[in-house]
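Contents: one structure, followed by commentary.
The values are calculated or read from the model by the stated rules, or taken from the named source; none is laboratory data. Given the structure is predicted, the values throughout are model-derived calculations rather than measurements. In this analysis, Cβ positions are derived from the backbone assuming ideal geometry, glycine residues included, and neighbour counts consider all displayed protein chains. The area values use the complete protein model at the heavy-atom level, side chains included, leaving out ligands, DNA and RNA. Shrake-Rupley method; radii C 1.70, N 1.55, O 1.52, S 1.80 Å.
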Amino acid sequence: MLSGDLTVDVAVVGGGVAGLTVAWLLRRAGKRVVVLEMNRLLTGQTGQTTAHLTELLDTPYSTLCSDFGEKGARLAAASSRDSIEQIASLVKALGVDCGFQRVPMFRYAETDSQLRELEKEVAAARKVGLQASLTRDVPLPFPVKGALRLENQAQFHPRTYLLALAERLEKEGCLIFEETRVVDVQDGVPCRVVTDKGTVLATDVVEATTTPLNKLFLHSKLYPYRTYSVAGPLEAPLEAGLYYDSQDPYHYIRPQRIDGVDYLIVGGEDHKVGTEEDTETHFAALEAYTRRNFPVTRVTHRWSGQVIEPADGLAYIGRNSASRHTYVATGFSGTGITWGTLSGMILSDLILGRENPYAALYDARRVKVRAGAKDFIQENAEVAFRFVADRLARPDGHQLSEVAPGEGKILEVEGKKVAVYREENGTCHAISPVCTHVGCHVHWNRAERSWDCPCHGARFSPTGKVLNGPAVRDLASQKLPEEASTASPITTHGEE
Ligand code: FES
C-alpha cells in the first residue's frame, strides 16, 4: 500500500478492467503510472462480471441510430469490436491461459412481439456494420421463436486475465497500491490525489472506479442497479455461446468450463440499488428460472454486482466537465469488460495527445437533450424524492429487540433515526443512516448484508464501511441510548 507522498505522470484510481488497461497502455508509452485500489485488486465490480464480450449493447442499435445518428451508432459498434480485439491481442501478448474463446451470440425471442423487435434490431445492427443475422436455429434446450445471431463474439475468465495484466504491469515498473482509498481528486497543475495513506501528485488523473468521486452533475446521468448471478453444473451439454432472452430486465446466460466441469452462469433480476430490502427473492427467482429452463438442478455459486446505467445509453469516457487533467470512465451498463477496455484505449490516447476515433462519441461532458430525457427526469426526480421521503418514512422499529441476528433495521430512538445491525452473536452496531455522499438515507440489503443508498448507489458494510462509491467516507458511528443498551450487548461502529 502507498505510504507517504509520490509524484508520477498519471495516477489511476481503481484497479479494475478500465484502470489496469489504461495503466498498461500508458506504461507502454513510457509514462510513470500509479494505480490506487481501495481494496484488493479485482474484488470490486470487475471481479463480479460474467464477462460476455459482445458487440451487442444494452441499448438497441435502432435506438442508438435515432439518438446518435447512424454515424454514431456505427462508431459504437466499431468501438465494441475494437475493444474485443484489444483484449484478444493482450491475452496473446501476456500469454495468459484465461479461457479466451471466440463464440457466437444469440439474443432470442420467446413471443411474436419479441420476434418483431428482434427483426428491427437485426436490420439496425446490419445497417451499422455488424454481421447480424436472424436465425431459427438456436442451440437452446427449449423452443424459441428466433434469435439475432452474431459471430465472433468472445468469453474468458476476466480475473485470470487481469491478474496476469497486473503482474506484468508491476514487472514493467507500474506502481500498484492496494488498500489505498482515494478520498479526493483535485484537478490542477499538478493534480493532487489525496488518499488515506498519502498524497499523489500527478500530471493527469484517471478515475476508473464504478462511479467517480464527488461529480454531482455526472452522477445525475448515472443510474445504479444491482444485478444477480448464479451458477451450477450443467447436467447436459449446452453449446458454447452467449445467450440473452428478450425479457425486461433480460437474463444473460453462458456455459463456462471450470476445472474440467461445465457450469452454466445465469444473470439477471436487475433492480435499482437500495430500493428493495428482501433481495433474497432475486436470487430465488434466478435459481428458479435457471432450473426451469436449463439442465441445472444444483446451484453452487451465487453473487451480485453493480451496474451503472448511463442516461443516454453510452458510457461516459473522457475529461470530466471543467477539468483539464482529470478523466473519468463510467456508465458501463451491462458491458463492463468491453467498455472498460475501450476506456483504457480512449483515455490513454487523450492523455498522450493522440487522436482517437471514439473520443467524441463517448465524451463524458456530453448532454444529449433528447436521448434518455424521460429516464433522466424520472431518475433524478426519484433522487430528490428519496432525499426527502426517506427522512419522513416510518422507521422499521423502535427497539433493539426488533432487530434479529444477521439483520439490519432503521430504528427511531428518541426522535432520531439510527441504522442498527445485529451480528449473529447478538452484538449490535449503530450507525447513521445518512449517506456520506450527499445525504440520502441508506436501506438494508438482506441478501448481501449491506446498507445501500438508492440515490447514486453507494454501498456500505453492516458496520458502515464504504463498499462502493461515490461515497468516500464511512457512515458515522452513532451512540445508542443508555436504556436500549441494556437490552443486549452493543457496540458502536467506532468501538469495533
Ligand atoms: S450515493 Fe449519493 S447520496 Fe448516497
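Hey, got the Cα dimensions of the chain along the principal axes, in Å, largest first?
69, 56, 48
Between E402 and K479, what length comes free when the chain is fully extended (0.36 nm per residue of separation minus the Cα-Cα distance, one decimal in nm)?
Length gained between E402 and K479: 26.0 nm.
Which value, in Å², gives the accessible area per residue of the chain when a 1.4 Å probe is used on the protein heavy atoms?
41 Å²
Once you charge only the Cβ atoms, +1 for Lys and Arg and -1 for Asp and Glu, what is the size of the charge dipole of the chain about its Cα centre, to the nearest 20 debye?
It comes to approximately 1300 debye.
Taking all protein chains in place and a 1.4 Å probe, what share, in percent, of the accessible surface of the range 1-41 do carbon and sulfur account for?
41 percent
For the chain, can you list the cysteines whose C-beta has no other cysteine C-beta under 4.7 Å from it?
C65, C98, C174, C191, C428
Quick check on the range 14-130: take the gyration tensor over C-alpha atoms, sort the square-rooted eigenvalues as a ≥ b ≥ c, and tell me if it's rounded (a/c under 1.5), prolate or oblate.
Prolate.
Longer than 19 Å from Cα to Cα, which of K416/K479; K71/K127; K409/K465; K127/K221; K221/K465; K272/K416 are they? Say none if no pair is.
The pairs that break the limit, which is 19 Å between Cα atoms, are K127/K221; K221/K465; K272/K416.
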